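Encoded as structure tokens, the structure appears first; notes follow it.
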Amino acid sequence: MTKIAASLLSADFADLKSEIKSIEQGGADWLHLDVMDGHFVPNITFGPFIVEAIKRVSRLPLDAHLMISDPLKYAPEFAKAGADYITIHAEVIEDLPAAVERIKQLNVKVGLSVNPETPLDKALPAIEGIDLFLVMSVHPGFGGQKFMPEVLDKVRQLSVLKEQGKTNALISIDGGINPETSHQARKAGAEVLVAGAAIFKHQDRAAQIKAIRGE
Ligand code: DX5
Ligand code: ZN
């Protein structure tokens, strides 16, 4: 069954607790937390301090998406703050299998992400040991951007790798997911759909979540 990871980036941060409750009641499966450093991406969001605060008000799994240049330096702090999944970008890592191993030692699940222009090959050396593969379907940095259908090839390739038993990673997609684009993503094999604007910019969160899930 398709999981919906609600990206808090488009939530009202002055009212975070009720925003989180609304998507919990609306049926979201995970909370997706976009951490940006103003270096790997041209935007700055929040760090472990906010993750820790969110952990105190939600029981949903926290999916920390680290769009930062030095994820290995900060991963321990995110693990300590309560992240359940820590996803790092393949673009900033030289020795991917070693990086995945280091994050695993923090007793969290490990995710690996690639930007739209990064080929899947870049991540293949570490594909065996990861729990989540996050395919970016926009250039990371901002919520509310337009879905890039050309990345669906990577989702399809990952589905084949899964069928062949080469990875057990959940296939996730992030950026521009809404009730229309989610259909293509699900058809290609995406199992965890990240959605921000399509959920938080609408009053009826339950209806949006349902529609994105394809119900
Ligand atoms: C983009 C982030 C996404 C973003 C998705 O850099 O990684 O998680 O919040 O937002 P929407 O669904 O609005 O494209
Ligand atoms: Zn994200």
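The values are calculated or read from the model by the stated rules, or taken from the named source; none is laboratory data. Predicted model only: the values in this text are computed from it and were never measured. All Cβ positions, even for glycine, are placed from backbone atoms using ideal geometry, and neighbour counts span all protein chains on display. Only protein heavy atoms, including side chains, enter the accessible area calculation; ligands, DNA and RNA are left aside. Shrake-Rupley method; radii C 1.70, N 1.55, O 1.52, S 1.80 Å.
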Self-check item: Residue among 83, 75, 28, 98 that is surrounded by 16 or more Cβ atoms within 10 Å (Cβ to Cβ) and over 24 Å from residue 12 (Cα atoms)
Solution: 75
Practice problem: Could you grab me the full set of residues in the stretch 115-135 that are within 16 Å of ligand 2 (Cβ to nearest atom) and either modelled with pLDDT under 95 or within 11 Å of the chain's Cα centre (by Cα) (or both)? | Solution: 132, 133, 134, 135
Practice problem: Select from the stretch 39-57 the residues that are without any contact (Cβ under 8 Å) to a residue 40 or more places away in the chain and more than 13 Å from ligand 1 (Cβ to nearest atom) and list them in ascending order. | Solution: 39, 47, 48, 49, 50, 51, 52, 53, 55, 56
Exercise. Determine if the stretch 180-192 includes at least one residue that is surrounded by 16 or more Cβ atoms within 10 Å (Cβ to Cβ), assigned to a loop (DSSP other than H, G, I, E, B), away from ligand 2 (no atom under 16 Å from the Cβ) and at pLDDT 95 or above.
Key: yes
Quiz prompt | Per-region count, the stretch 193-214, residues among the small types (Gly, Ala, Ser), outside any strand (DSSP E or B), within 16 Å of ligand 2 (Cβ to nearest atom) and within 13 Å of residue 28 (Cα to Cα) | solution = 2
Exercise. Go over the candidates 63, 15 one by one and state the one that is among the charged types (D, E, K, R) and either under 22 Å from residue 88 (Cβ atoms) or within 15 Å of ligand 2 (Cβ to nearest atom) (or both).
Key: 63
Exercise. Taking residue 36 as the residue in question, decide whether it is closer than 22 Å to residue 171 by Cβ, within 13 Å of ligand 1 (Cβ to nearest atom) and buried (at least 19 other Cβ atoms within 10 Å of the Cβ).
Key: no
Self-check item: Test set (1) of a type outside the set (Gly, Ala, Ser); (2) over 18 Å from residue 33 (Cβ atoms); (3) in contact with a Gly (Cβ under 9 Å, 6 or more places away or on another chain) - residue 121 fails condition number
Solution: (3)
Quiz item: Could you say whether any residue in the stretch 46-63 is open to solvent by less than 30 Å² (accessible area, probe 1.4 Å) and polar (S, T, N, Q)?
Solution: yes
Self-check item: Residues being under 19 Å from residue 193 (Cβ atoms) and either within 16 Å of ligand 2 (Cβ to nearest atom) or not polar (S, T, N, Q) (or both) - total across the stretch 18-48
Solution: 13
Quiz item: Of the residues 151, 138, which is at pLDDT 95 or above, open to solvent by less than 20 Å² (accessible area, probe 1.4 Å), within 14 Å of ligand 2 (Cβ to nearest atom) and part of a helix (DSSP H, G or I)?
Solution: 151
Quiz item: residue 202 versus (1) open to solvent by 50 Å² or more (accessible area, probe 1.4 Å); (2) within 16 Å of the chain's Cα centre (by Cα); (3) of a type outside the set (Gly, Ala, Ser): which is the lone unmet condition?
Solution: (2)
